[in-house]
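Below is one structure; the comments refer to it alone.
The values are calculated or read from the model by the stated rules, or taken from the named source; none is laboratory data. Just so you know, these numbers come straight off a predicted model, no measurement behind them. With ideal geometry, Cβ positions are generated from the backbone for all residues, glycine too; neighbour counts draw on all protein chains shown.
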Amino acid sequence: MTGDGFVKAAASAIDDIEHYYSTIAERPVLPSISPGYLQNLLPDAAPEHGEDWQAISQDIERTIMPGMTHWQSPKFMAFFSASSTYPGILGEMWSAALTAPAFNWVCSPAVTELETIVMDWLAKILALPEVFLSKGEGGGVIQGSASEAVVTVMVAARERFVRRQLERDHVTDEEEREDRSCGIRSKLVALASAEAHSSTKKGAIIAGTRFRSMPVHHSNDYALTAKELRPAIEALITKGLCPYYLGVTLGTTNTCAIDDFESIATVAKDYPDIWIHCDAAYAGAALVLEEYQHLSAQMHCVDSFDMNMHKWLLTNFDASCLFVQRRKELTDALSISPAYLKNQFSDSGLVTDYRDWQIPLGRRFRALKIWFVLRTWGVDGLRRHIQHHINLGNMFVDLIRSRSDLFCILVEPRFALTVFSVKPRQRKAAQQVNGTGTIQHNDPRPFHDQQVPITPPTENEDVETANEITKQVYTTIDEQKEFFLTASV
Ligand code: PLP
């Protein structure tokens with residue numbers, strides 16, 4: 001493809017993308033194809049000879065769209081939201097255009113320096129304690145996902161624990177250090193509440209350590225507190241095991257529970273070798289609002305904090321923002337410098353080489369889309385965006401409460417999340433609502449005035465437990481999607 005060809009192809013792709021967004025609500029949210037559908041639409045082998053862009057682009061609608069679940073549709077209500085905005089898309093375009101896997105500062109100084117700047121901006125927007133800023137010992141780095149962030153800090157936590165133990169035991173001989181390290185690692189245990197995201201357990205598998213979850217209870221809104229934590233730590237130590245990592249959550253996946261950071265901090269003081277990581281993948285975005293920033297202040301007690309801008313903060317996947325209090329603890333664990341990665345700037349110690357803050361070597365220019373988003377909306381626009389979703393969430397809660405004959409709310413709604421259950425005898429109603437494939441989310445009338453085909457259950461209908469038919473609705477129900485896409489704030 002020549003430059004001229006690119007101009008034409010890109011212009012038509014942008015037209016198609018704009019058309020996709022402006023008509024997305026007309027598409028069914030879920031695909032109606034069977035597994036393996038694409039095998040029947042595409043040839044068995046790559047084309048021997050190159051094809052025209054026109055032929056390729058036509059296949060998007062013919063082959064790809066039938067197999068898409070439209071996460072950006074205003075009718076999509078599953079999981080957490082996955083942001084996509086035009087400035088975010090432009091950031092992705094420029095990142096692709098500049099493709100520069102800047103693992104070291106010297107590989108493209110702008111890639112590294114913009115990342116440091118936008119991560120500091122974000123830390124300030126979220127009102128994180130100053131220790132997370134790059135001007136001190138801390139700093140932020142963009143990871144691909146919250147799960148990747150967990151693995152990264154878990155390895156740093158593991159190595160910090162081992163290093164401190166070896167220092168205490170005055171082990172200096174290299175071979176002995178290696179043997180003793182393996183021994184210590186075999187006793188390490190990562191901890192998290194039973195409601196923590198599965199990435200904590202997965203992280204422990206990858207880091208090669210044990211994992212224990214602590215039960216949390218409905219009576220306490222599923223939050224982890226000192227009450228569960230202290231006995232869990234003590235029991236492990238009694239068995240000769242070493243807790244080295246604690247995952248706490250600001251907004252758990254199931255119910256948006258917020259662990260009790262203050263009481264956890266009182267326990268943590270007695271166990272300073274345990275690394276505490278706060279997973280705020282979804283709810284961290286709410287810290288843009290002053291009303292939630294008392295939670296930001298509580299982050300003084302965690303070693304690391306991660307939130308996904310790609311969930312609720314208007315930035316296209318992927319943009320998981322990890323902040324640490326002491327960046328040296330990441331680089332101590334993850335820095336390896338073979339001759340081919342050495343350069344005078346890295347040696348000077350005056351620059352950041354983000355390869356030492358992450359698992360991969362190469363990295364994308366993700367800071368660009370964050371920069372575009374932050375500048376397009378401004379802090380005020382971000383606040384209005386989050387507040388708007390929370391307002392929609394509150395409206396939804398009122399609708400659910402207005403039909404107490406059909407629904408019950410399982411835990412107090414948090415942020416823009418409501419977890420509710422269809423009452424057991426109304427199971428058929430739940431099936432029918434789900435079966436329509438659409439939910440008219442932006443109808444201002446109360447639920448009972450809408451044309452949702454709800455049939456009362458028959459006398460003989462099986463009674464199921466509420467949990468089986470629990471449906472979580474995340475308020476990506478945003479009747480002003482267009483407003484946010486175009487950023488006309
Ligand atoms: N942590 C929490 C609380 C989540 O809800 C999720 C996903 O929904 C994750 C982590 C995993 O996020 P990622 O896909 O970025 O790894």
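General observations
- Test: residue in the range 402-417 that is hydroxyl-bearing (Ser, Thr, Tyr) and over 30 Å from HIS218 (Cβ atoms): no
- Unique match (being hydrophobic (A, V, I, L, M, F, W, C), away from the ligand (no atom under 16 Å from the Cβ) and buried (at least 20 other Cβ atoms within 10 Å of the Cβ)) among ALA268, ALA285, ALA297, ALA281: ALA268
- Restricting the range 219-261 to residues that are β-branched (Val, Ile, Thr) and within 16 Å of the ligand (Cβ to nearest atom) leaves a set whose member that is nearest to ARG164 (Cα to Cα) is VAL248.
- For the range 117-143, the set of residues classified as outside any strand (DSSP E or B) and under 18 Å from the mean Cα position of the chain (by Cα) consists of VAL118, MET119, LEU122, ALA123, ILE125, LEU126, LEU128, listed by residue number.
- Residue within the range 196-215 that is modelled with pLDDT under 95 and on the phi < 0 side of the Ramachandran plot present: no
- Scanning the range 71-83 turns up no residue that is on the phi > 0 side of the Ramachandran plot, not assigned by TED's automatic domain parsing to the domain that holds TRP312 and not aromatic (Phe, Trp, Tyr).
- Residue count for the range 401-419, restricted to those that are modelled with pLDDT under 85 and part of a strand (DSSP E or B): 1
- Residue count for the range 26-83, restricted to those that are within 16 Å of the ligand (Cβ to nearest atom) and either touching a Cys at 6+ places or on another chain (Cβ under 8 Å) or not polar (S, T, N, Q) (or both): 7
- The range 39-81 - residue that is crowded, with 16+ Cβ neighbours inside 10 Å, touching a residue at least 60 places away in the same chain (Cβ under 8 Å) and not aromatic (Phe, Trp, Tyr) and, of those, nearest to ALA281 (Cα to Cα): SER81
- Options GLU291, GLU329: the member that is acidic (Asp, Glu) and touching a strand residue (DSSP E or B) at 6+ places or on another chain (Cβ under 9 Å): GLU329
- Residue match in the range 168-190 (condition: within 16 Å of the ligand (Cβ to nearest atom) and closer than 23 Å to THR249 by Cβ): yes
- Elements of type helices (runs of 4 or more DSSP H) in the range 1-107, at least 3 residues being within 18 Å of ASP318 (Cβ to Cβ), hydrophobic (A, V, I, L, M, F, W, C) and modelled with pLDDT of 95 or more: 86-97
- Scanning the range 367-375 turns up one or more residues that are within 16 Å of the ligand (Cβ to nearest atom) and either modelled with pLDDT of 95 or more or part of a helix (DSSP H, G or I) (or both).
- Selection count where residues are farther than 19 Å from ILE274 by Cβ and more than 23 Å from the chain's Cα centre (by Cα), scope the range 216-235: 4
- Counting only helices (runs of 4 or more DSSP H) wholly contained in the range 246-357, the ones carrying 3 or more residues that are touching a helix residue (DSSP H, G or I) at 6+ places or on another chain (Cβ under 6 Å) occupy 261-268, 327-334.
- Meets criteria (assigned to a loop (DSSP other than H, G, I, E, B) and either within 16 Å of the ligand (Cβ to nearest atom) or farther than 30 Å from VAL162 by Cβ (or both)) for ASP380: no
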